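Data block below; observations after.
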Amino acid sequence: DQQVKQNSPSLSVQEGRISILNCDYTNSMFDYFLWYKKYPAEGPTFLISISSIKDKNEDGRFTVFLNKSAKHLSLHIVPSQPGDSAVYFCAASVFRNTPLVFGKGTRLSVIA
Amino acid sequence: EAGVAQSPRYKIIEKRQSVAFWCNPISGHATLYWYQQILGQGPKLLIQFQNNGVVDDSQLPKDRFSAERLKGVDSTLKIQPAKLEDSAVYLCASSGGTEAFFGQGTRLTVV
């Protein structure tokens, strides 16, 4: 039973446009959500997080939106750059510093 | 700040052999995780340590996998005997209380 779902295995976006990556979860106990970026042959790198008391968190070109009623979160990248091409993992935990549950990832390709 | 160090980067073994992976977390991080990432999947937790104690090992196949974190710093993960389905990337991560920081991983191929 997958508790964190990323239903789009891949996404292609033109450079300069907005990239929107989506994530759904089923466990209503999750209260901390994170996005990680992964390049080939490297470990996942933390990108941005949001706690369940917020509905939006912004860091430069990256914004994460949380819709608790829909159990849905999304990552917006504006503007998208070729260096953003990577696999993006959505992850969730019940509390901070507890094990993360990951989705399967979405491969983003930003085309110049 | 130095990141999470893992070794080796790559390992190829035959089935039924044993293998060990090593992890050195970020200095001062009390929490250490081992994750298994099979191709096309997200990382899946194997075990979580808090200092040198095990917090969660519910998903560790204990008949063949073992892990330890002596002195609450470095950790080793061992597989004995290995099976073909153990082929994966083994990721170590550490946390000081917020997000987890990952190492580069060890890619294991069992043939």
Of the listed residues (A:69, A:49), the one being without any contact (Cβ under 8 Å) to a residue 60 or more places away in the chain, hydroxyl-bearing (Ser, Thr, Tyr) and part of a strand (DSSP E or B) is A:49
When the stretch B:76-108 is checked residue by residue, the ones that are in a loop (DSSP other than H, G, I, E, B), farther than 14 Å from residue A:46 by Cβ and in contact with a Leu (Cβ under 9 Å, 6 or more places away or on another chain) are B:82, B:87, B:104, B:105
* touching a strand residue (DSSP E or B) at 6+ places or on another chain (Cβ under 8 Å), open to solvent by 50 Å² or more (accessible area, probe 1.4 Å) and on the phi < 0 side of the Ramachandran plot: does that describe residue A:33? -> no
Cβ pairs under 7 Å, 6+ apart or interchain, first in the stretch B:2-16 and within 13 Å of chain A (Cβ to nearest Cβ), second of a type in the set (Gly, Ala, Ser) and assigned to a strand (DSSP E or B), ordered by first then second residue, are B:4/B:93; B:4/B:94
Scanning the stretch B:45-80 residue by residue, those at positive phi and within 14 Å of chain A (Cβ to nearest Cβ) turn out to be B:51
Considering the stretch A:36-71, residues that are open to solvent by 60 Å² or more (accessible area, probe 1.4 Å) and closer than 30 Å to residue B:107 by Cα, and then whichever is nearest to the other protein chains (Cβ to nearest Cβ), we arrive at A:42
Note to self: Among the residues in the stretch A:8-19, are any closer than 12 Å to residue A:86 by Cβ, away from chain B (no Cβ under 13 Å) and surrounded by 17 or more Cβ atoms within 10 Å (Cβ to Cβ)?
What the structure shows: yes
Being among the basic types (Lys, Arg), modelled with pLDDT of 95 or more and within 24 Å of residue A:2 (Cβ to Cβ) narrows B:11, B:78, B:44 down to just B:44
Do we find a residue being more than 14 Å from chain A (Cβ to nearest Cβ), touching a strand residue (DSSP E or B) at 6+ places or on another chain (Cβ under 6 Å) and open to solvent by 50 Å² or more (accessible area, probe 1.4 Å) anywhere in the stretch B:81-97? yes
Checked B:28, B:3, B:42 against criteria (part of a loop (DSSP other than H, G, I, E, B) and crowded, with 19+ Cβ neighbours inside 10 Å); the one match is B:42
For the stretch B:103-111, does any single residue satisfy the condition of being touching a residue at least 60 places away in the same chain (Cβ under 8 Å), within 8 Å of chain A (Cβ to nearest Cβ), open to solvent by less than 30 Å² (accessible area, probe 1.4 Å) and in contact with a strand residue (DSSP E or B) (Cβ under 7 Å, 6 or more places away or on another chain)? yes
Per the filter on the stretch A:72-112, residues of a type in the set (Val, Ile, Thr), open to solvent by 60 Å² or more (accessible area, probe 1.4 Å) and in a strand (DSSP E or B) are A:111
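The values are calculated or read from the model by the stated rules, or taken from the named source; none is laboratory data. Since we're looking at a predicted model, the values are computed, not measured. A quick note on method: Cβ atoms are made from the backbone with ideal geometry, for glycine too, and the neighbour counts reach across all protein chains shown. Please note that ligands, DNA and RNA were not included when accessible areas were found on the heavy atoms of the full protein model with its side chains. Shrake-Rupley method; radii C 1.70, N 1.55, O 1.52, S 1.80 Å.
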